[in-house]
């Protein structure tokens, strides 16, 4: 089995960031949706392009980054359509071993 890319999501003091290791290019990138200074380590260009203005969407942006979403430049917000869409993507992902449990819990919650 060959691995081309490794994604490492990290929570540092309540803020989510993601490290991407590209094995083929032998490069490491840091995705951080908060503004950064150009003197920081080599960053994937999204770090200076995709920003959010609230204090809770950073984790959602990390997930989208890991899914390969390439946002256009500017400030982006997760809207009321994007959050449920992302939730459904995660619940129904083929790698989600807890899918049945999550759906059963939802059904129980919905029934109350």
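Calculated FRET efficiency, residue 100 to residue 63, Cβ-Cβ distance, R0 = 22 Å: about 0.55 to the nearest 0.05. Counting 0.36 nm for each residue step from residue 93 to residue 27 and taking away their Cα separation leaves a gain of 21.0 nm.
Bear in mind these aren't lab numbers, they're just calculated from the coordinates by the rules spelled out. Since this is a predicted model, take the numbers as computed values, not measurements. For neighbour counting, all protein chains shown are included, and Cβ atoms are generated from backbone atoms with ideal geometry for every residue, glycine included.
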